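Trainee: Have a look at this one.
What follows is calculated from the coordinates using simple rules that are stated; it is not laboratory data. Values in this document were obtained by computation on a predicted structure and should not be read as measured data. No Cβ is skipped: glycine too gets one built from the backbone with ideal geometry, and neighbour counts run over all protein chains shown.
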Amino acid sequence: MAFLDLLGFALGALRGHRLRTALSVTGVAIGITAVLALTALGEGARRYIVDEFATLGSNLVIVLPGKVETTGGMPFGGVTHDLTLEDHSALARLGRLARTAPIAVATETLRFQDLGRSVPILGTTAEYQEIRRLRLALGAFLPSGDPDRSGTEIVLGAKVARELFRGEHPLGQVVRAGPARFRVVGVLAPRGLSMLGFDLDEAAFIPVRTAMRLFNRTSLFRIVAEVRIFAEMDQAKADVLALLKDRHRAEDVTVYTQDAMLASFSAILRALTLSLAGIASVSLVVAGVGIMNVMLVSVTERRAEIGLLKALGAPAPRILLAFLAEAVILAALGGAAGLAAGAAGVGLLAFVYPEFPVAIPLWAVGAAVSLSFFVGVGFGVWPARRATQLDPVAALARR
């Protein structure tokens, strides 16, 4: 029995039971579609996180006051010293850091004429624009210079400017924040909601020294810095820790690097993606059971054909291959339909939500094709073996 004869034998059997064939193919297709869709969602979430980190800037080191650690007592440490502008000035002199920016944050009501809006106000310096890759729609960012300088400049997020000025030109206008008055020097370009930080469209920026006086603060919220060379991230982190430990006489700050946070998020999301793919694969097992049942029925209905083949001298391996070919064809058709449906579904999702970078990873395609093949072979072996074990005389006698 040549290969084409095997293929014709299998296809003829499948055509003879079109409804059972269609149901089996549909079962496999649903399983493959589920695997592709869920892995695409997981991969999309991972890419979204990576893109969000890219919008934060590159090669970032973030310094927070307080030591985050687990000890024998309470699972957190206290703040021994404030994180101050003097600390920021010392860090700015480190050779491995390209630029640094202090941040002080509080929520305050901004007022223009009879309109008011509660917004987060960030006190910072001109370097923050470069570190965070902020784009301006109008005007300029905060002026560069000594961070100890108090100024009355304010830069507004796009949404804040739109709601406060209602179509009026904001540049040069005076707004109030508590008892202080500020002159609008710039408006940020719309940026959208960031899941990893502030919604900068709803924020405002003022000089850091002015902010600390306005908020009655002595400690910074954090310091962000950009490392000159990515390969020196670990050394830069060590330099920051050593400098602040020397200044505070204690290791009382926490330093995060952007690549470490990104690696943690990526590892978590990859594990989640694999878990989703594993859950979706359960439906393929169900489809495999369906293929096995179809094949068992086929063996029962075609006992006479099997007996005739064996009587004519067809060896058991050939008969085994003939019935395995049916199972593999069912799985292959289901796999192809599942790939097409999965790709169409992911494409539709990308069209409806273009901001979410959903994509089917290549390994998921390979896994889906392999799974469909193993489903066909794995669940077709037992029925095919039953066919080879039939006695030809008994099979023909029960025709």
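Trainee: Which length gain, in nm to one decimal place, applies between VAL377 and LEU274 when the Cα-Cα distance is subtracted from 0.36 nm times their residue separation?
Mentor: Values: separation 103, 0.36 × 103 = 37.08 nm, distance 2.34 nm.
Stretched out fully, the VAL377 to LEU274 stretch lengthens by 34.7 nm.
Trainee: Using a Förster distance of 25 Å, how high is the FRET efficiency between VAL174 and GLU130, based on the Cβ-Cβ distance and rounded to 0.05?
Mentor: Between VAL174 and GLU130 the formula returns 0.40.
Trainee: Near the amide H of LEU122, under 5 Å away, which other amide H atoms are found, from residues 5 or more places off or on another chain, if H is placed in the peptide plane?
Mentor: For LEU122, the qualifying residues are ALA204, PHE205, ILE206.
Trainee: What FRET efficiency, computed as 1/(1 + (r/R0)^6) with R0 = 30 Å and r the Cβ-Cβ distance, is obtained for THR109 and ASP146, rounded to the nearest 0.05?
Mentor: The pair THR109/ASP146 has a calculated efficiency of 0.55.
Trainee: With θ taken as phi - 60° and the coefficients 6.51, -1.76 and 1.60, list the Karplus ³J(HN,Hα) couplings across the range 344-349 in order, rounded to whole Hz; mark glycine and proline as x.
Mentor: Couplings: 5, x, 5, x, 5, 5 Hz.
Trainee: Still on this structure: Just to confirm a number: summing +1 for Lys and Arg and -1 for Asp and Glu over residues other than VAL63 whose beta-carbon lies under 13 angstrom from that of VAL63, what do you get?
Mentor: Once all neighbours under 13 Å are counted, the net charge is -1.
Trainee: In addition: Expected output is a single nm value to one decimal: the length gained when fully extending between ALA263 and ALA137, i.e. 0.36 nm times separation in residues minus the C-alpha distance. What is it?
Mentor: Going from the current span to full extension adds 42.1 nm.
Trainee: Here's another thing I want to ask about it. For a paramagnetic label modelled at 7 Å from the Cα of LYS67 toward its Cβ, which residues of the range 83-119 fall within the zone defined by backbone nitrogen distances under 18 Å?
Mentor: In the range 83-119, the label zone of LYS67 (backbone N under 18 Å from the point 7 Å along Cα→Cβ) covers 83-84.
Trainee: Now, a different point. Calculate the length of the line joining the C-alpha centroid of the range 350-373 to that of the range 320-343, in whole Å.
Mentor: 19
Trainee: Give the calculated FRET efficiency between ALA242 and SER219 to the nearest 0.05, with a Förster radius of 22 Å applied to their Cβ-Cβ distance.
Mentor: 0.60
Trainee: How much of the DSSP bridge set in the range 81-251 is antiparallel, in percent, rounded to the nearest 5? Show your work: numbers first, answer last.
Mentor: Values: 26 of 34 bridges.
Roughly 75 percent of the DSSP beta bridges within the range 81-251 come out antiparallel.
Trainee: May I pose another question? For ARG249 paired with GLU86, estimate the spin-label separation in nm (one decimal), with each label point 7 Å from Cα along the Cα-to-Cβ line.
Mentor: 1.2
Trainee: Sort 30-39, 340-349, 154-163 by packing, meaning the average of other beta carbons within 10 Å per residue, with the highest value first.
Mentor: The peptides rank, most packed first, as 30-39, 154-163, 340-349.
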